[in-house]
1. Out of all the residues in region 44-56, which are under 21 Å from the mean Cα position of the chain (by Cα) and not in a strand (DSSP E or B)?
2. Only one of these conditions is not met by ASP60: (1) in contact with an Asp or Glu (Cβ under 7 Å, 6 or more places away or on another chain); (2) under 15 Å from ASP14 (Cα atoms); (3) not basic (Lys, Arg). Which number is it?
3. Scan region 177-210 residue by residue and report those that are within 37 Å of the chain's Cα centre (by Cα) and either touching a residue at least 12 places away in the same chain (Cβ under 8 Å) or not in a helix (DSSP H, G or I) (or both).
4. Can SER246 be described as under 19 Å from CYS181 (Cα atoms), surrounded by 13 or more Cβ atoms within 10 Å (Cβ to Cβ) and modelled with pLDDT of 80 or more?
5. Give the residues of region 209-230 that are hydrophobic (A, V, I, L, M, F, W, C) and surrounded by 13 or more Cβ atoms within 10 Å (Cβ to Cβ), sorted by residue number.
6. Of all residues in region 180-194, which are among the hydrophobic types (A, V, I, L, M, F, W, C) and surrounded by 11 or more Cβ atoms within 10 Å (Cβ to Cβ)?
7. If you go through region 57-83, how many residues are under 20 Å from ASN151 (Cα atoms), assigned to a loop (DSSP other than H, G, I, E, B) and in the same structural domain as ALA18 (by TED's automatic domain parsing)?
8. Can you tell me which residue is farthest from TYR53 (Cα to Cα) among those in region 1-41 that are charged (D, E, K, R) and part of a loop (DSSP other than H, G, I, E, B)?
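The values are calculated or read from the model by the stated rules, or taken from the named source; none is laboratory data. Given the structure is predicted, the values throughout are model-derived calculations rather than measurements. A quick note on method: Cβ atoms are made from the backbone with ideal geometry, for glycine too, and the neighbour counts reach across all protein chains shown.
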Amino acid sequence: LRKMIGLKEVSLKDNEYAIQIKPRLLAEVENMPEGLQISNASGSGLLSCAAIYSEPFSQDGQNGGDYLLIVPDEVTAKMQPYYSELVVDLKGSTPADLKGRLDALLDYNEAGTLDETENEGTSENLDDEAFMWDGKLCRGSDNIVVYTATNLIRDNLIPETKFMLSSLIIPLFYIGLVFLCVALTVLSIHQLSDSEKYKRRYDILEKIGLEHTEINKMVLKQLTAYYLCPVLFAIVISGNVILQISKAFIVMTGIQTVTIQYFGISVLLFFGINLVYFLATYVGIKRDLH
């Protein structure tokens, strides 16, 4: 399974076991293996922890919930299977309706029980809903975004997830954009309306020998202070809020990502809009002064 997702294969000795855990839980258990031993299947021996692995491994009910204990084949041969799972790596593109076609192969009757008409001898006639709510199906401890299903198709889920996130991100971005444009418009109008007052002051400076280029530099510095200070103030406040929310999101979902990357992209977008208003105001004030 590790090889199929591009990870290095691991091996165990007869008296060893390994732990596969979610990345967000690693800090809580990284010191546990020291001296921690478990009984083997027969109960006549002990297994020592060889390593802890924390790569993403579908541990929301697919490959266990939150953690897995990996033991040698000799131990599993004496254990009773709890459930089975089929993992397939497809070559080429995945059909968009593959999940629906696989779900259609599972014929559930009105009682929620898997029919055995076409699967005689393979189904144990388990009530899937009862099995799910009877505490026998572990979904892990993530409590914001958890998705479990009989058939999971990665290439089908990614577009659905992107659509869901886009439906949340775009409205929030639009709201932020509206507030930014309103604030910058008010600031620009205020600066342009005061240009007559600035003109009298800069006329005095020009009469005492200050050149146009030096006056333009003073105007540039003045507008930079007016436009840059609110931006820096907003970056500090929003940056702290975003970092705290991102930490909580990672803890609750296990999704690891570089927070500063997305925050940096947002800052560049809003800073670009701020720059447009800044240049427009600068050109307008220069025209009024000269």
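1. SER54, GLU55, PRO56
2. Among (1) in contact with an Asp or Glu (Cβ under 7 Å, 6 or more places away or on another chain); (2) under 15 Å from ASP14 (Cα atoms); (3) not basic (Lys, Arg), ASP60 violates only (2).
3. Start the filter on region 177-210 by keeping residues that are within 37 Å of the chain's Cα centre (by Cα), which leaves 177-188.
Within region 177-210, LEU177, LEU180, CYS181, ALA183, LEU184, THR185, LEU187, SER188 qualify.
4. no
5. LEU210, ILE215, MET218, VAL219, LEU220, LEU223, LEU228
6. Answer for region 180-194, where residues must be among the hydrophobic types (A, V, I, L, M, F, W, C) and surrounded by 11 or more Cβ atoms within 10 Å (Cβ to Cβ): LEU180, CYS181, ALA183, LEU184, LEU187, ILE189, LEU192.
7. Qualifying residue count, region 57-83: 8.
8. Only one residue tops the list, namely ASP14.
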